[in-house]
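The numbers here are math on the coordinates, done by the rules we state, and not lab data. In this text, all values refer to a predicted model and were calculated from it rather than measured experimentally. All Cβ positions, even for glycine, are placed from backbone atoms using ideal geometry, and neighbour counts span all protein chains on display.
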Amino acid sequence: MRYFLALACHFVILTSITIVHGQDDGTFTDAIGEDPAPSFASLQEYMDDPAPQLRSDELVYVGGATNYWWARGEYLLWRTAGLKTPALASTSPTGTTQAAAGVLDQGGTTLFGGNLLTDSRSGGRIRFGTWLGDFRRFGVEGEYFALGDISDNFSTTSTGDPIVARPFFNALTNAEDSELVAFPGVVSGTFDAGAQSSLQSAGVRMLWNLCQSGEPISLDSVERCESRLDLLLGYRFLRLDDSLQMREQLTSQLATDPGTFDITDSFVTRNAFHGGEIGLQRIESYRRWTLDMLFKLAFGNVRQFVGINGNTIIDDGTGPQTFTGGLLAQRTNIGNYTRDRFALLPEVGVTLGYQLSPRWQANFGYSLIYLDRVVRAGDQIDRTINPNLLPPELVPFSGPLRPEFDFKESGFWAQGLSFGLTCVW
């Protein structure tokens, strides 16, 4: 019995070997298909090349370059801190006495002045950069943005009704007062005023990856799944310019004192910030969506410039004469003034991206920047005036030397939305 079982086992083994090697009768191979189990040689070849490999130039990484370069263009819709000024033009109801005409605490109301340049502004921003290696450990990025110039303008002409005046604080009487632009039977004229502002900034920075997780994927896919945190170190520049211009063109209606007057005041400020910058950028990506969170802090020097000028041209019929000084700009504060101040410039930003294709991403974001020390044109106006300085100046002169100049600084912010496209290659 034991011998019979041994012969049976030997037969089964021989039969199995014959089936595996596929005998020519085809009986068993027809039953299981035409592709038998792989041979030892084919298994060895599979182990030598277990899976197709992606080339390095076929890899896509989150939030930046698919390989080495990226560029982003954005349309900006921002608002900025307004330009604060004292009341620059005023009026009073018809019938107001000459002494009270345009005087702010005697029924006068402001026609122009206050918080100017508060409308939203359009602009543009570009960012471009490259990674300095295959593993995206280090990179460099440049940025520039500018907002369109914004302006507020005012113009009025009157032969006397309505009343038009320029209010100020009288240093001799220590009370509110005004200079008449138009008043019945006394003077007629035109008053024009305009405020302008411009803003631009640029920077360049190194990117140093602190940590990242996730895997690169094929360029043929629009989906991402990765997280990274980058340290930013670089340089930042910002320029903020303001100007405030005023002009009166007056004609006397007094038969005993005829003549014309052309009076101008000008206040100009410039702020140029240069400094080092440090920051963090966190990028989270899932499928087609990317969230980019940014915080930067620049610290350095802001050079502040203030320019004040004014003049008066009087023609009494004997020929025009030009005098230094207008109304708010007199010899006591006219000049160019410059100083340097240490300043901080923080920035925060959040951008949501949606992958349109492997190389193109649509972006929507919010940004806020703040410069803590700037000079603005309206802040440099000293509305306390000694009337004895008004051209032609009283000789001999008496009274306080007002208006005077003193640097007055404040903070400046700019914030708003961005809409753009990012391209990577």
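Which residue, 148, 250, 229, has the largest displacement toward the positive end of the dipole of segment 62-424 when charges sit on each Cβ (Lys, Arg +1; Asp, Glu -1)?
229
How many angstrom separate the Cα center of segment 71-114 from the Cα center of segment 319-388?
That distance is 18 Å.
Enumerate the residues in segment 184-201 having an amide nitrogen under 20 Å from the point lying 7 Å beyond the Cα of residue 415 toward its Cβ.
So the set is 199-201.
Between residue 337 and residue 425, what is the spin-label point distance in nm, taking each point 7 Å from the Cα along the Cα→C-beta axis?
Once both label points are built, they end up 5.2 nm from each other.
Which residues' amide hydrogens lie under 5 Å from the amide hydrogen of residue 112, considering only partners 5 or more residues apart or on another chain, with H built in the peptide plane?
Sorted by chain and number, the residues that satisfy this are 88, 89.
Lys and Arg at +1, Asp and Glu at -1: add these up for the other residues within a Cβ distance under 10 Å of residue 367 and post the number.
Values: positive: 125; negative: 74, 347.
Its environment carries a net charge of -1.
Based on the Cβ-Cβ distance from residue 324 to residue 254, what FRET efficiency comes out when R0 is 22 Å, to the nearest 0.05?
0.30
At 0.36 nm per residue, and after removing the present C-alpha to C-alpha distance, how many nm does the segment from residue 97 to residue 316 gain when stretched out fully?
Here the answer is 76.2 nm.
Can you give the net charge of the other residues whose Cβ lies under 12 Å from the Cβ of residue 194, counting K and R as +1 and D and E as -1?
Spelling it out: positives minus negatives among the neighbours equals -4.
Quick one: what are the phi-derived ³J(HN,Hα) couplings along segment 364-372, Karplus 6.51/-1.76/1.60 with θ = phi - 60°, whole Hz, x for glycine and proline?
9, x, 9, 9, 9, 10, 8, 10, 7
For segment 85-99, just list the computed ³J(HN,Hα) in residue order, Karplus coefficients 6.51, -1.76 and 1.60, θ = phi - 60°, integers in Hz, with x standing in for Gly and Pro.
Result, rounded to whole Hz: 9, x, 4, 9, 8, 9, 8, 9, x, 4, x, 5, 5, 4, 5.
For every other residue with a beta carbon closer than 15 angstrom to the beta carbon of residue 185, add +1 if it is Lys or Arg and -1 if Asp or Glu, then tell me the sum.
-2
Of 273, 285, 298, whose Cα points farthest to the positive end of the dipole of segment 258-328 (charges on the beta-carbon: +1 Lys, Arg; -1 Asp, Glu; origin at the Cα centre)?
Positive-most Cα among the choices belongs to 285.
Relative contact order (percent) for segment 99-199, with alpha-carbon contacts under 8 angstrom and 6 or more residues of separation?
30
Which one, 410, 91, 323, is farthest towards the positive end of the dipole of segment 62-424 when Lys and Arg carry +1 and Asp and Glu -1 on their Cβ?
My answer, from the dipole projection, is 410.
From Cα pairs below 8 angstrom and at least 6 apart in sequence, can you work out the relative contact order of segment 306-350, rounded to a whole percent?
Numbers: 48 pairs, mean separation 17.0, N = 45.
Value for segment 306-350: 38 percent.
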